[in-house]
Structures are given as C-alpha cells and as structure tokens.
Amino acid sequence: MTPHILTRSLDRAATAFVLIVAAIGVLIPLSNLLLPQGSMFQVPTYLVALWGKYVCYAILALSIDLIWGYCGILSLGHGAFFALGGYAMGMYLMRQIGSRGVYGNPILPDFMVFLNWSKLPWYWYGFDKFWFAALMVLLVPGLLAFCFGWLAFRSRVTGVYLSIITQAMTYALLLAFFRNDFGFGGNNGLTDFKDIIGFNVQAEGTRATLFLLSCLALTIAFLICRAIVTSKLGKVLIAVRDAESRTRFLGYRVESYKLFVFTLSACMAGVAGALYVPQVGIINPSEFAPANSIEAVIWVAVGGRGTLVGAALGAVVVNYAKTFFTSGPLAPYWLFMLGALFILVTLLLPKGIVGTFSSWRETRRSAAIAADRDSAAREDGVGAPNPAE
C-alpha cells in the first residue's frame, strides 16, 4: 500500500521541526495569556509580536528556498510578493477603521481625505470583506509571479539575468508605491489599524491568536514544501536545478515546472506578508526595497540552501541577531556585520548551518557503518584478500 504523501515526506528532522513549531505556537500564547505579569515564564505581548514577525520571515525564507534550493531560481525580488500580500491585508484593515479615523470619513481612509480624494478607487472595492482580502493575498502575488514567470521562463532567462530582472521588478514597484496618486498611502503607507475580523488588533488575545496562526501557516507551508521536494515533482525540480538542458532534452517541459513552483512560492510569500502586517502595525513601500529581498536570500544561505528547515532557522537566527545588534552601540555597523556573515558562510559553510551539520552527520554515519562492516567481517573470519603473487 502506498504511504500517505505527508507521512512519506516527513523524516526525523522534518517531524521534529513540525513538533517544535507546533509546541511554540501553543505554549507562547498560553504563557502570554494565562500566566500573571511578572512571572519568569510569562512572555510579554511585545515579544509575542516580535517572534510572530520572525515566524512570518521564516515562511518567506521557505518560499525562497523552495525555488532557489530545489529549482535553482535565484529571485532577488521576492520581497515584492511579500509586500503585495501585506498591502492586500493592510487595505482590509484600513477599511475596518471606518469613521474612527482622524477625519471621521466612514468610506475613505485618512490619507485619501488628506489628499482630497473625492471617492474610493475601484481597486479598493471589496476590501471591506475579509474573504475578499484573503483571496487577494493569494491572487495578487500569484498572478504577478505567473505573468512574470511565464514571460521570463518562456524566453529561457536564467541565472544572473533572471536575478537582475526580479530585482528590477521589485524596484519598479517600490517607485510606484511611493507615489501619492497611486492610492496606497505613498511614503507613509498604511497604518493606524484598529480591528481585524471584529477584534482589536492591539489586544493581547488578538496578538496571541495571530502568533498561533503564523505558526500554523509556517507548519502548513513547510508540509507543502516537503510534499513537493520528496515527490517525483521534486526530483524533476532538482534535475532542472542541476542540469536544465539535459532535463529538457529528456522531454520535460522545464518552463512549466519552473512556472508552477515560482507561482506557488509567490503565494507563500504573500501569506507571510499578510500575517506580518497586523502584527507589526504598518506596511509601507520600504518593504519593496531590493535590499530586503537580498537579505532574505542571506537568511536561506546562512541556514542552509536546499534544506527547508535551515531556511526557516536562518531567518529566525539572522533577524534575532539584527534585533539584538541594532538596539545597541553596534547599530551603525549591522549591515557590515550582515555582509561579513554572508561572506564567512559562503567561504567556510557553503551548505549553511543545517546543510553542514547534515553532511557531517552523514559522514560520521557512513564511517560508523563501514567500521561495523569491517568488525563483522573480522568476527566471521573473513579477511582482506591476499595480493596476487
């Protein structure tokens, strides 16, 4: 009997990762809500929001590792899909403010009233409903990735050229969203959120629930990625990564495989952005900055390209280090430290933290198996063959 696809895709490390994320997703909200203030085990609300941001970054790192680590597509513009998902959620949150804004307009957001807009733009229609916003979180990044990927992969743009045009795409979106007449808040973006599905977005219970949902989304994204990379589809993706011309020669439609995984990756990044915005409280054009996309690639490289677990771990580790070092006297030097970290990992740990550890463990296991085989052979009286005279 063929095993279930999820059971088949989970090895020991993957199962441990899922269990750890599930435990964190349950224990941290319970610690925040049930334990009294001042308890050494009570997690403050600001830390719940901070770690929720890290979890969203981990989902973004997974989406990049899926296309880069397993398909060889190095995207330097995945921050665009992350930001588009965030803007879709931000538009819904802005529509929920209603007459509680500074200007008291029940329809128009405050920045539109300030800019003397007379009516709501057509592309804001429907964002007063959560189901519509959730659909746009997936549809907008996915549609952009599909159109971009169809043009790029059909033209057989690969390697550094693809990386450059993805970076150009996100930079073009950055310039567009900075414009006040674009209808997305200009330089200030979208902020001052009040409610989400009727719940106060600043309340402790809402923060804890958002963190739990982020951990749930991370688990689902990880399971989807594992199911893909351990299937026949995953083997084709690895073949495309390692020898694209040979894979095409064998009769596989390489462009279709790349387009599918690129679109799926963009949808995952959009979900990460949608969960990020209500926990951070703001979305602005700076999320489109090419530097953000490059930094996300560094997370994957540090954790371990082509490992999934390493990508998520790298996102958490690097962002925790960023939070720690940018809050002290080393703040002006963080970018230099990040660059040095990337160089050191590239030179000394080319497989990343998890990839290097896995290789070391496999080497030790192979050596142990060989030693056991030699020991068993000696016990059975089987020695090495005598050299021919």
Report task. Would you work out what percent of the accessible area of the chain, with all protein chains in place, is carbon or sulfur (probe 1.4 Å)? Result -> 67 percent
Report summary line: For Val157, the accessible surface traced by a 1.4 Å probe with all protein chains present amounts, in square angstrom to the nearest 10, to 40 Å²
Query raised in the report: Can you list residues whose amide H is under 5 Å from Val43's amide H, if they're 5+ apart or on another chain and H is modeled 1.01 Å from N?
Result: Asn32
Report summary line: Rounded to 0.05, the calculated FRET efficiency for the beta carbons of Leu35 and Ala289 at R₀ = 45 Å is 0.70
Report summary line: Per 5 angstrom bin, beginning at 0 and ending with the bin that holds the maximum distance, the Cα pairs of the stretch 1-142 fall in percents of 2, 8, 11, 12, 12, 16, 14, 11, 7, 4, 2, 1, 0, 0
Report task. Select from Leu144, Leu174, Leu330 the residue whose mean-square fluctuation is largest in a Gaussian network model of the chain (Cα-Cα springs shorter than 10 Å). Result -> Leu330
Query - Cβ-defined net charge surrounding Arg305, 9 Å radius [Lys, Arg +1; Asp, Glu -1] - result: 0
Query raised in the report: For q = 0.07, 0.09, 0.10 Å⁻¹, what log10 I(q)/I(0) does the chain give under the Debye formula with an equal point scatterer on each alpha carbon and no solvent?
Result: -0.37, -0.59, -0.72
Requested in this report: Let me know the Rg and Dmax you get for the stretch 208-284 when you use only its Cα atoms, in Å.
Outcome: 16.4, 51
Requested in this report: Excluding residues on the same chain fewer than 8 positions from Lys53, give the lysines whose Cα lies under 22 Å from its Cα.
Outcome: Lys194, Lys322
Query raised in the report: Tilt of helix 159-178 relative to the longest C-alpha principal axis of the chain, in degrees (0 to 90, nearest 10)?
Result: 20 degrees
Report task. List the residues whose amide H sits under 5 Å from the amide H of Ile196, counting only those 5 or more places along or on another chain, with H placed 1.01 Å from N in the peptide plane. Result -> Val201
Query raised in the report: Put +1 on the Cβ of every Lys and Arg and -1 on every Asp and Glu Cβ in the stretch 91-237; which of Leu223, Leu108, Leu93 then has its Cα farthest towards the positive end of the dipole?
Result: Leu223
Query - Charge dipole magnitude, Cβ of K and R +1, D and E -1 - the chain, Cα centre, debye nearest 20 - result: 580 debye
Query raised in the report: How big, on average over all directions, is the shadow cast by the Cα convex hull of the stretch 133-209, in nm²?
Result: 7.5 nm²
Query - Under 14 Å, Cβ to Cβ, from Leu213 - net charge with Lys/Arg +1 and Asp/Glu -1 - result: +2
Report summary line: Here the stretch 364-376 yields Karplus 3J(HN,Hα) values (6.51, -1.76, 1.60; θ = phi - 60°; whole Hz; Gly and Pro given as x) of 5, 5, 5, 5, 5, 5, 5, 5, 5, 5, 5, 5, 5
Query - Cα-based Kirkwood hydrodynamic radius, the stretch 254-349, one decimal, Å - result: 15.1 Å
**Report entry** Neighbour-limited loop hits for trypsin sites (Lys or Arg not before Pro), the stretch 41-122 (at most 16 other Cβ within 10 Å; DSSP other than H, G, I, E, B)
**Finding:** Lys119
Query - Among Phe82, Trp150, Pro121 - extreme Cα towards positive end, dipole of the chain, charges at beta-carbon - result: Trp150
Requested in this report: Provide the per residue accessible area, probe 1.4 Å, for the chain, rounded to a whole number of square angstrom.
Outcome: 52 Å²
Query raised in the report: What net charge is computed for the residues neighbouring Ile97, neighbours being all others with C-beta under 12 Å from the C-beta of Ile97, Lys and Arg scored +1, Asp and Glu -1?
Result: -1
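The values are calculated or read from the model by the stated rules, or taken from the named source; none is laboratory data. These numbers come from a predicted model, not from an experiment. Virtual Cβ from ideal backbone geometry, glycine too; neighbours counted across all protein chains shown. Remember, those area values only see protein heavy atoms, side chains included, never the ligands or the DNA or RNA. Shrake-Rupley method; radii C 1.70, N 1.55, O 1.52, S 1.80 Å.
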